[in-house]
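The values are calculated or read from the model by the stated rules, or taken from the named source; none is laboratory data. Source: prediction; values computed, not measured. Neighbour counts run over all protein chains shown; Cβ positions are idealised from the backbone, glycine included. Surface accessibility is based on the protein's heavy atoms, side chains included, excluding ligands, DNA and RNA. Shrake-Rupley method; radii C 1.70, N 1.55, O 1.52, S 1.80 Å.
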Amino acid sequence: MSSDTTTPSVPQPAGGESAGRKPRVAVVFGGRSSEHAISVVTAGAVLAAIDRTKYDVLPIGITTDGRWALTDDAPERMAITDRRLPSVADLADSAEGSVLLPVEPASREVLYSEPGNVPKVLGDVDVVFPVLHGPYGEDGTLQGLLELSGVPYVGSGVLASAVGMDKEYMKRVFLSFGLPVGPYEVIRAREWDRDPAAARKKIVDFAADHGWPVFVKPARAGSSMGISKVDSLDGLDDAVAEARRHDPKIIVESLLRGREIECGVLEFEDGPRASVPAEIPPVTAHDFYDFEAKYIDSAAGIVPAPLTAEQTARVQELAVRAFDAVSCEGLVRADFFLGEDGEFVINEINTLPGFTPISMYPRMWQESGVSYPELVDRLIQAALRRSTGLR
């Protein structure tokens, strides 16, 4: 790019936070995972909800190849339109410019650099609101970078983010804290690469013990990416290949018959609290609650879930226990099955659940008396109260 290229104009806060300026929130979205587009949609909703009278906002998108780009503050361009998924590349101000975070805790100054131009100071960032889903963002990697930089951020820390992303270790932690977990089997990358026949036999033996169908999933992905419902041995290899497109480690879970129940957890000043739960009804147009059902066809959940008072109290208790077991911060969506025996089984948690207009987490809190803008504000305030480092 030539040296006379105009660097994007960014509103500059006057003075430091001590001088009375508004806290500056960097909303970081996109990313390198297969959930890139859903992260962009989530960012659009968050950007639209942030109170601009209280906060300055800096939108930063991460492209699918990992470049940190300065983007337009344009929530209306971040929605799924006519089944077309948005991307950071479509929103970036420049095809080459990069946003640079500070590399030492003594500075929170963010720079913008383009080839042939002198780097431009974008100002200090007081808190990062990451809305990255999946690996390279939700899994503790971004959180580690922000810890090194000394910049507070919304959501869980490095350990909780990593555990919350990895379905195997998440379940191991749940079991160690006495939370009810369904049957599962893990196939690591080296097992399938070295001896696929033996790895396949592990899955077949698992199905023999727990019955077909089984669900084959990437161990570290979300938004129902790469998940297949497998009814017999015939479809197993294709399901494994699809899961391994997203993650070389896969997890196989048995079919849990019952109702799908979700519950949100939010950090208040006095500790975590649970929302009213929601129910995901059977999806007749899809084999299960997959990506298309969630984001394209907008399958509607029931909020609040039609549960008894005792069932509601029980699932709320389990959701908060899961939040504490993994040492989460900020927010969590906990997903359960309510079995035919009346008992809840926790399937997984999501430390950065979707904030799209149809996402269940904000809907549950809306029904619990916390509006979308208030939800966003509470998360930012909770992050500002925390320090980085050991806590």
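In this structure, the amide hydrogen of VAL110, modeled 1.01 Å from its nitrogen in the peptide plane, lies closer than 5 angstrom to those of LEU122, GLY123, ASP124, VAL125, counting only residues at least 5 positions away or on a different chain. Taking other residues whose beta carbon is less than 10 angstrom from the beta carbon of GLY97, and scoring Lys, Arg as +1 and Asp, Glu as -1, yields -1.
Within the assembled protein chains, the solvent-accessible surface assigned to ILE302 is about 70 Å², based on a 1.4 Å probe.
For the modelled label position 7 Å from the Cα of SER232 along Cα-to-Cβ, which residues of segment 243-268 have backbone nitrogen atoms closer than 19 Å? So the set is 255.
Relative contact order for the chain: what percent, with Cα pairs under 8 Å and sequence separation of 6 or more?
16
Both radii were evaluated on the Cα set of segment 209-285; the Rg over Rh quotient, with Rh as the Kirkwood radius, amounts to 1.09. Along segment 65-74 the Karplus relation, 6.51 cos²θ - 1.76 cosθ + 1.60 evaluated at θ = phi - 60°, assigns HN-Hα couplings of 9, x, 7, 8, 10, 7, 10, 5, 8, 9 Hz to successive residues, with x for each Gly and Pro. May I ask you to evaluate 6.51 cos²θ - 1.76 cosθ + 1.60, the Karplus curve with θ = phi - 60°, for each residue of segment 225-237 and list the ³J(HN,Hα) values in order in whole Hz, giving x for glycine and proline? Computed from phi, the couplings for segment 225-237 are 5, x, 8, 10, 8, 10, 8, 7, 4, 4, x, 5, 4 Hz. One entry in [x] 27, 56, 16, 0; [y] 28, 58, 13, 1; [z] 28, 49, 21, 3 is P(r) over Cα pairs in 20 Å bins from 0, in percent calculated from the shown coordinates; its label is [x]. At a threshold of 8 angstrom on Cα-Cα distance, excluding pairs fewer than six apart, so keeping six or more, what relative contact order does segment 78-176 reach in percent? Computed value for segment 78-176: 19 percent relative contact order.
Rounded to the nearest 500, the 222 nm mean residue ellipticity of the chain from helices alone is -9000 deg cm²/dmol, with -39,500 (n - 2.57) taken per DSSP H run of at least 4 residues. Other residues whose C-beta falls under 9 angstrom from the C-beta of GLY137 contribute a net charge of -2, scoring Lys and Arg +1 and Asp and Glu -1.
In terms of solvent-accessible area of protein heavy atoms at a 1.4 angstrom probe, what is the ranking of TRP212, TRP365, highest value first?
Details: TRP212 85, TRP365 10 Å².
Most to least solvent-accessible, the answer reads TRP212, TRP365.
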